[in-house]
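The values are calculated or read from the model by the stated rules, or taken from the named source; none is laboratory data. Owing to the predicted nature of the structure, the values given are computational and were not obtained by experimental measurement. Cβ placement follows ideal geometry from the backbone for every residue including glycine, while neighbour counts extend to all protein chains displayed.
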Amino acid sequence: MTPVSTHEVGDAEGNLVYRRITLRLIPFIFICYLFNYLDRVNVGFAKLQMLDALNFSETVYGLGAGIFFIGYVLCGLPSNLALNRFGPRRWIGLMMITWGIFSTCLLFVTTPVEFYVLRFLTGMAEAGFFPGIVLYLSRWYPNQRRGRIMALFMSAIPVSGLLGGPFSGWILNHFAAGQGGMAGWQWMFLIQGVPTVALGALAFVLLCDKVEDARWLTPEQRQRVKTDITNDELSRPVHGKSSVASVLSMPFIWILGFIYFCIQSGVYAINFWLPSIIKNLGFSDALVIGWISAVPYLMAGVFMLLVGCSADLRNERRWHLVV
């Protein structure tokens, strides 16, 4: 057998292993992130009915929507330290159950203070999910395969907007008559919050803490993944041990943080206010507002997958980020 054919066989074997991992992990993680994002931004649709029902001002809504991120920032690092200590399976499951409960409890809100507290607690509970999943996937995929996997995972954001907008609009319309003694916005928090709790319980069953625990892989396949991850780590420059303080002293961390801040400021302005902007343009039907609000997410999903695949194909990250 020639060296070229041996390399091809190796690639074929590797593709088979990582395809199996992807089919096992990514669909579930994708759905979890979809509800993670939906539970975070569905207040934008609740606002269409909630403000009038509770006599909240725009200021109350804006503060409640934004206070989520105070809890999110405060608990991001501690949550990931806890994930390392208790294991991804238990910690991810616990996070999902917790934020699902807090998000669902928004249906009971009657005062601004209750709104602020529940949004803050939801932010605290959600804080470790995204960075925790990024860390989790790094234990299953070497760097050269991680770009498209991250694109698949993060495409849950545009899909959440694409499906969540029309779905939220349908709930607001369908339950507008006050079925069960609850308004449409209350039903929306209930219907979109309870599945998160169920998914959190499933995480305890479906996720594995590490490759060695994956009984759905053969011993040879588990060894292949461990070898790939080890080689990936050995190929990186060695900088010695880093403390939290030393990491925070790196200028590029703050530069990337500022870039991310600017991006997210625009993204969440759209998430929290787009339904109201569309309504003010003369569209009164909540379902129509949902469909119109889905359009930007369709384009975002397509380009997210294209960029992820391109980054893996060229094994390059920096210029893809810049562009």
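Computed quantities for the displayed model
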{"quantity": "Qualifying residue in the range 312-323 (condition: at pLDDT 75 or above, out of contact with any Asp or Glu (no Cβ under 7 Å at 6 or more places or on another chain) and over 30 Å from residue 19 (Cβ atoms))", "calculated": "no"}
{"quantity": "Filter pass, residue 223 being farther than 30 Å from residue 41 by Cα, in a helix (DSSP H, G or I) and modelled with pLDDT of 80 or more", "calculated": "yes"}
{"quantity": "Only one of 89, 119, 40 that is in a helix (DSSP H, G or I), basic (Lys, Arg) and more than 28 Å from residue 179 (Cβ to Cβ)", "calculated": "89"}
{"quantity": "Single match in 176, 201 (criterion: out of contact with any Lys or Arg (no Cβ under 9 Å at 6 or more places or on another chain), of a type outside the set (Ser, Thr, Tyr) and not in a helix (DSSP H, G or I))", "calculated": "176"}
{"quantity": "Candidates 82, 127 - the one that is over 16 Å from the mean Cα position of the chain (by Cα) and either more than 22 Å from residue 54 (Cβ to Cβ) or touching a residue at least 40 places away in the same chain (Cβ under 8 Å) (or both)", "calculated": "82"}
